[in-house]
Amino acid sequence: MGVKAKSLNCPAKCTCEYLEVNCTGQQLQDFPTTIPLDTRQLILATNNISYLPSVELNFLSDLVYLDCRENAISEDLDFAFISLNKLIYLDLSFNNLTRVTFTTFSQLSSLVVLKISNNPNLVEIEKDSFANNTWLRHLDVSRTGLTFLDTSIVKDLPNLKSLGLSENLWNCNCSFLDFTLWMKESGVRFPDPENITCYSPAALHGWSMPEVESKLHYTCLLHLYDTDYAFLGLIGFCIFSAGTVAAWLAGMCVVLYEFHATKGGNDDDEDEDEEATI
């Protein structure tokens, strides 16, 4: 109805309206206390918060929108969001996250938007990290320290519509081929596609994903290096040697069999001649 209500227990330096707490740009060092328990939208952007306390945060079980961008969050977030199963929007961009594990966001079963871009120290997202976030539609991991992303991490998100990947240090080796093929066939939108490029190896530095997919397909699946030819030659030599030895053994067996069969026939003839003489 457009009615705004000022909360009596609004955190210091924050403004509180109906179901919303806004603490943007207040140079907060710690997570604010005395947040109303019925808060639906919490904005902590542009502060110096380095830690999200799981106990205080999980009292806010009705939270649907949490904006923590532009802080200094670097602590492990595993089990930080245990009770926030109504959360739809989470922004952790411009922080100091280092890794994402299965337990980081596993309780956020309603999550639709997740932004973890601009975390330069984020170097790993483990397999199944988003296994329970099946409603996720928008995921942004742009401008991080990621060099590789396992295809299964995003392939099993049935509702994914947008995936930000730009300006990362992608290592475009043969292990990355499966991911480039998924990008080509998934139907997912990739914002800023001209900046989704390879960082390494040096020969592919600056190549875009469509270009590198063709190159990796040729290099990893069709092209053979000198070592590959040497390996195939060794395998062929082993097969030839094994066949030669097997043929020689078979021939020896036949010769020995015929020899013993002939000798046995001669012995039988001699026995018959002796019986006829007697």
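Heavy-atom accessible area, probed at 1.4 angstrom with all protein chains present, ranks THR15, THR104, THR219 as THR15, THR219, THR104, highest first. Taking every DSSP beta bridge that has both ends in segment 1-81, the antiparallel portion is near 35%.
Of all DSSP bridge pairs formed entirely within the chain, close to 15 percent run antiparallel. TRP135: accessible area at probe 1.4 Å, nearest 10 Å²? Using a 1.4 Å probe on the heavy atoms, I get roughly 150 Å².
Quick one: accessible area per residue over the chain, 1.4 Å probe, rounded to a whole number of Å²?
57
Taking the chain as a whole, the Cys residues whose C-beta sits 4.7 Å or farther from every other Cys C-beta are CYS68, CYS238, CYS253.
Could you tell me which of rounded, prolate or oblate describes the chain, using a ≥ b ≥ c as the square roots of the eigenvalues of the alpha-carbon gyration tensor, with rounded for a/c under 1.5 and, failing that, prolate when a/b is larger than b/c and oblate otherwise? Verdict is prolate for the chain.
Share of the chain's accessible area from carbon and sulfur, percent, 1.4 Å? Walk me through the intermediate numbers first.
On the way: 9120 of 15950 Å².
Within the chain, the accessible surface is 57 percent carbon and sulfur.
State the number of lysine pairs found in the chain whose Cα atoms come within less than 16 Å, restricting to pairs 8 or more positions apart or on distinct chains. Number of lysine pairs found: 5. When only C-alpha pairs under 8 Å and at least 6 residues apart count, what is the relative contact order of segment 15-169, in percent? It rounds to 15 percent for segment 15-169.
The values are calculated or read from the model by the stated rules, or taken from the named source; none is laboratory data. Not measured: the values here are computed from a predicted model. Reconstructed Cβ throughout: ideal geometry from the backbone, glycine too, with neighbour counts over all protein chains shown. Note: areas computed on protein heavy atoms with side chains; ligands, DNA, RNA excluded. Shrake-Rupley method; radii C 1.70, N 1.55, O 1.52, S 1.80 Å.
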